[in-house]
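In what follows, a structure is listed as structure tokens, so that the remarks can point back to it.
The values are calculated or read from the model by the stated rules, or taken from the named source; none is laboratory data. Model, not experiment: these values are computed from the prediction. All Cβ positions, glycine included, derive from the backbone under ideal geometry; neighbour counts span all protein chains shown.
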Amino acid sequence: MIIGETPPPSGVFGVDAIAMTMRFGDFLALDNVELKVRPGSFHALLGENGAGKSTLVKCIMGYYHATEGNILIGGREQAIANPKDAHALGLGMVYQHFTLVPAMTIAENLVLARDDVPAVVNWPKEMKQLEAFLARMPFKVPLSAKVSDISAGERQKCEILKQLYLKRRFLILDEPTSVLTPAEADEVLGMLRDMVVRGELTILMITHKFREVMAFADEVTILRRGKLAGGGKVAELTPDAMARTMIGAEELTVQPLRSGEAGQARLELAKVRALDDAGTVAVHDISLTVRAGEIVGIAGVSGNGQRQLVEVLAGQREAEGGEIRVAGDPYHARREEMRRHKMSLLPEEPLKNACVGGMSVADNIAFREFDRAPFASGGWWLNRGAFRDDATKKIRQYRIKTRTPETPISALSGGNVQRAVLARELAGDVEVLIAANPCFGLDFAAVAQIHAEIMAARNRGAAVLLVSEDLDELLELSDRLVVMFHGELVYEARTSEADLTVVGRHMAGH
Amino acid sequence: MADGSIGLWTVPLAVLGGAIRVSTPFLFVSLGECITERSGRINLGLEGTLVMGAMSAYGSSYLTGSPWLGVLAAGITGALLGALHAGICSLPRVNDVAVGIALMLFGTGLAFYLGKPLIEPTAARLPAIDFGWWSDIPQVRAALRVNVLFLIGVALAPILYWAFRTTRWGLLIRTAGESSDATRAMGHSVLLIRLRATMVGGFLAGIGGSFLSLFYPGSWNEGLSSGQGITAVALVIFARWDPLLCLWASLAFGGAAALGPALQSVGVTSGYHLFNAAPYILTLAIMIMTCSPKRTLTGAPAELSITR
């Protein structure tokens, strides 16, 4: 099974990255960073978005070639020209985005990942070998199922199994639990931890969840803006100390206190039903009421119909049945209705769902009001000056980092795209706010700002429906929590009384 | 029933014969396109490839006297046109649909230009196997005169179906069509896989063209293909990218195309041109029945530019 010329070191081995510097043009992504992963340890790599974590591991895996610095594998210096070299040395990576092919079965995915796929695959023989391999593994997966039909948790297990099937001894995991329920995350990480303890594996895990670092990692390395900011044995650190090292001296927006009581029902859903792109029912007769001055959080693992529900509310998808009322009036996601009821939307993937990438920041900020005074005269003659003045004001107020208001919005970073959408959606009066994963992939400063804005909107009397895959975010912000599973609402509780283990169980469908 | 007259039975017989005869180019082009599209690329240029294949097959057969060398020449011409399509599409920010349309016009134009001297001469034609020897009825014999290329195409469909599941190449083509990220993560070159898949697709489409000029209708002229190439591309979509369904769909289209002439032969002359439009009406009908604005097509390769 050994591929390439350099055999992998036998047993577990460590990886050291010494004095790594990586330049992309003028931008210094890594500045003299040092990482030491001891053999047979569970090492966490912490840092904010853009801190250089991915760049560092991509240098180790051979996707990038570091401008300066060396990689030692098992104490020996190795030149890793491409991912194939890294694989041959026994290094494997589990990516944040799945690399399994959804339309193929798990067995096909596993066999295909091998370097020595036979020209004609003898399926009966391969299946027997795969079953024998699975019997030795801590997780079980249905080999003949299509990847598109299994849950996100099972997919993540398959990604890890694939690396073990390929006999990789050093695993790099890139935010492996971002799509899992807390219970699933604990199960997967616990099993990996056991393999590390048994001396079968070494793990380097990129994460931003302190809970997982504290529970599973032996050591941690913390990066900040491309520099080594700190690290050490996890047993000697606290989450607060790690957070301070990660963020540095940056000022975070202070979230206003929760104030005021919930008022009248503002957004009412009655037996709303919607299909997904494949034509199967994704949203199954959902009934839900959100009152003024209340944040209702919808928890759930991604792919349980949340996206389709938000698309119906946003007007991107037609409902198959049911009724939606806003402030008592029937609602069909028309522009006029949204304007009348002062509805705001923060959809997930804002660049795709809420912006036109090629248009300027100023134009994108003006979308809601572009054809009314003062932006337009008579409903058709656009006043470019008003666009620019309004955008300039909002860019300052919402701290959007853009070169000019005329810069295409696709040139902005994720956090700044979301800030621009925030400026458009929340600058005026808001009576109903629908937000879906508003902080996905953003750094602390942006997250704090968005959370503060959502809470402020609630305190001003807006009815907020917050759909999120991040339970911590929901527990922090929402007044009421519901869990969505297979398109149905399966659990509801006041957030102050919600039990995390019960919520997690419902997210997993038990 | 005397003197070989079989009355209205002529119609289903002619449709059956037509299904076999007319379907062959549909079959080859759709199987070729099936391979190309499963790799994540759409090649609309196959209409041009078909006509170029017909011209080069006719020319080669005329010059060498061997129709089989003509078939080979058509395949090679098709593979080269496929390589041209894949090569242009490998460049950054190139749209495969636009390139396909350009190559469709290029292929037909080039074939007409190079094929001018071939309109007059007669080339050696492909042989047929007589499966109707047991019958005295001329219509039955005519319907069952089956070309070898048709049989090859019929065999190819299950072979492709099997190959997509059980061979390394089949699995790699599907992976490239479903997720280019996954393909790259495995260390394979997506562009190389698509280049090869497009070349094989072009090869088969070229052979489909050779059938037109060397068997049915069996001569070279500029009106040889009436959009079979482009219809076959659409056919892959109805067939849900499944080679076996491509076979049935090709037969259905062949049968529909034979409806007009068959009805004319029994004296139904009113609406002749309307019946000739049957394949196109069938195209529209299937489109309307199977497509929905609310749904994506099941089975569509995820990397295809029309479904992404």
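Within the stretch A:46-97, the residues that satisfy the criterion of being assigned to a strand (DSSP E or B), more than 14 Å from every other protein chain (Cβ to nearest Cβ) and either buried (at least 22 other Cβ atoms within 10 Å of the Cβ) or among the hydrophobic types (A, V, I, L, M, F, W, C) (or both) are A:Leu46, A:Ile71, A:Leu72, A:Ile73. Of all residues in the stretch A:101-128, those that are facing another protein chain (nearest Cβ under 7 Å) have Cβ atoms under 9 Å from Cβ atoms of residues that are part of a loop (DSSP other than H, G, I, E, B) and of a type outside the set (A, V, I, L, M), 6 or more apart or on another chain, in A:Val101/B:Ser179; A:Pro102/B:Ser179; A:Ala103/B:Ser179; A:Ala103/B:Gly299; A:Ala103/B:Pro301; A:Ala113/A:Thr99. Applying a threshold of 7 Å to beta carbon distances and a minimum spacing of six or more residues, or different chains, the list of pairs starting in the stretch B:106-120 at a residue that is touching a residue at least 40 places away in the same chain (Cβ under 8 Å) and ending at one that is surrounded by fewer than 16 Cβ atoms within 10 Å (Cβ to Cβ) and not in a helix (DSSP H, G or I) reads B:Phe112/B:Glu222; B:Ile119/B:Asn221. Within the stretch B:123-139, residues that are surrounded by 16 or more Cβ atoms within 10 Å (Cβ to Cβ) sit with their Cβ atoms under 6 Å from residues that are of a type in the set (Lys, Arg), at 6+ positions apart or across chains, in these pairs: B:Ala128/B:Arg145; B:Gly132/B:Arg141.
Of everything listed in (1) assigned to a loop (DSSP other than H, G, I, E, B); (2) more than 19 Å from A:Pro182 (Cα to Cα), the single unmet condition for A:Lys140 is (2). Restricted to the stretch B:158-216, the set of helices (runs of 4 or more DSSP H) holding at least 2 residues that are at pLDDT below 95, more than 20 Å from the chain's Cα centre (by Cα) and of a type in the set (D, E, K, R) comprises B:168-178, B:180-185. Within the stretch B:276-289, residues that are among the acidic types (Asp, Glu) reach no partner that is modelled with pLDDT of 85 or more with beta carbons closer than 8 Å at six or more positions or on different chains.
Restricting attention to the stretch A:326-369, the residues that are over 14 Å from A:Ala314 (Cα atoms) and surrounded by fewer than 17 Cβ atoms within 10 Å (Cβ to Cβ) total 9. Selection of the stretch A:395-426 for residues being part of a helix (DSSP H, G or I) and surrounded by fewer than 17 Cβ atoms within 10 Å (Cβ to Cβ) yields A:Arg396, A:Gln397, A:Ser410, A:Ala411. When every residue of the stretch A:225-240 is checked against the conditions, at least one turns out to be within 21 Å of the chain's Cα centre (by Cα) and in a helix (DSSP H, G or I). Can you find a residue in the stretch A:116-127 that is surrounded by fewer than 20 Cβ atoms within 10 Å (Cβ to Cβ), under 23 Å from the mean Cα position of the chain (by Cα) and not charged (D, E, K, R)? No, because not a single residue in the stretch A:116-127 is surrounded by fewer than 20 Cβ atoms within 10 Å (Cβ to Cβ), under 23 Å from the mean Cα position of the chain (by Cα) and not charged (D, E, K, R). Of the residues examined, A:Leu267 is not one that is aliphatic (A, V, I, L, M), away from chain B (no Cβ under 14 Å) and either in contact with a Phe, Trp or Tyr (Cβ under 6 Å, 6 or more places away or on another chain) or assigned to a loop (DSSP other than H, G, I, E, B) (or both). Among residues of the stretch B:182-209 being within 14 Å of chain A (Cβ to nearest Cβ), surrounded by fewer than 23 Cβ atoms within 10 Å (Cβ to Cβ) and without any contact (Cβ under 8 Å) to a residue 40 or more places away in the chain, the one that is nearest to B:Gly45 (Cα to Cα) is B:Ser189. You will find that of B:Ser292, B:Ser250, B:Ser270, the residue that is within 14 Å of chain A (Cβ to nearest Cβ) and either loosely packed, with under 15 Cβ neighbours inside 10 Å or part of a helix (DSSP H, G or I) (or both) is B:Ser292 and no other. Just so you know, in the stretch A:432-468 the residues that are assigned to a loop (DSSP other than H, G, I, E, B) and at pLDDT below 90 include one that is farthest from A:Leu309 (Cα to Cα), and it is A:Asp443.
Of the residues that make up the stretch B:118-131, is at least one more than 23 Å from the chain's Cα centre (by Cα) and in a helix (DSSP H, G or I)? No, that holds for no residue. Scanning the stretch B:85-117 for residues that are touching a Ser or Thr at 6+ places or on another chain (Cβ under 9 Å) and within 20 Å of B:Ser56 (Cα to Cα) yields B:His85, B:Leu103, B:Met104, B:Gly107, B:Thr108, B:Ala111, B:Leu114, B:Gly115. I'd like the residue in the stretch B:57-112 that is in a helix (DSSP H, G or I) and of a type in the set (Ser, Thr, Tyr) and, out of all such residues, is nearest to B:Arg41 (Cα to Cα). Only one residue tops the list, namely B:Thr77.
Results for (1) closer than 30 Å to A:Arg460 by Cβ; (2) touching a residue at least 60 places away in the same chain (Cβ under 8 Å); (3) of a type in the set (Val, Ile, Thr), shown as yes or no for each residue.
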| site | (1), (2), (3) |
| --- | --- |
| A:Gly279 | no, no, no |
| A:Val283 | yes, yes, yes |
| A:Glu294 | yes, yes, no |
| A:Ala299 | yes, yes, no |
| A:Glu311 | yes, no, no |
| A:Ala319 | yes, no, no |
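Look at (1) within 14 Å of chain A (Cβ to nearest Cβ); (2) of a type outside the set (Asp, Glu); (3) over 11 Å from A:Val101 (Cα atoms); (4) in contact (Cβ under 8 Å) with a residue 60 or more places away in the chain and you find that B:Arg174 fails only one, number (3).
Scanning the stretch A:469-510 for residues that are of a type in the set (A, V, I, L, M, F, W, C) and part of a helix (DSSP H, G or I), we see that the one that is farthest from the chain's Cα centre (by Cα) is A:Val502.
When B:Tyr58, B:Tyr62 are checked against the criterion of being among the aromatic types (Phe, Trp, Tyr), surrounded by 24 or more Cβ atoms within 10 Å (Cβ to Cβ) and touching a residue at least 40 places away in the same chain (Cβ under 8 Å), a single residue qualifies: B:Tyr58. Of the residues that sit in the stretch A:143-167 and are part of a loop (DSSP other than H, G, I, E, B) and within 13 Å of chain B (Cβ to nearest Cβ), which one is nearest to B:Gly170 (Cα to Cα)? It comes out as A:Ser144.
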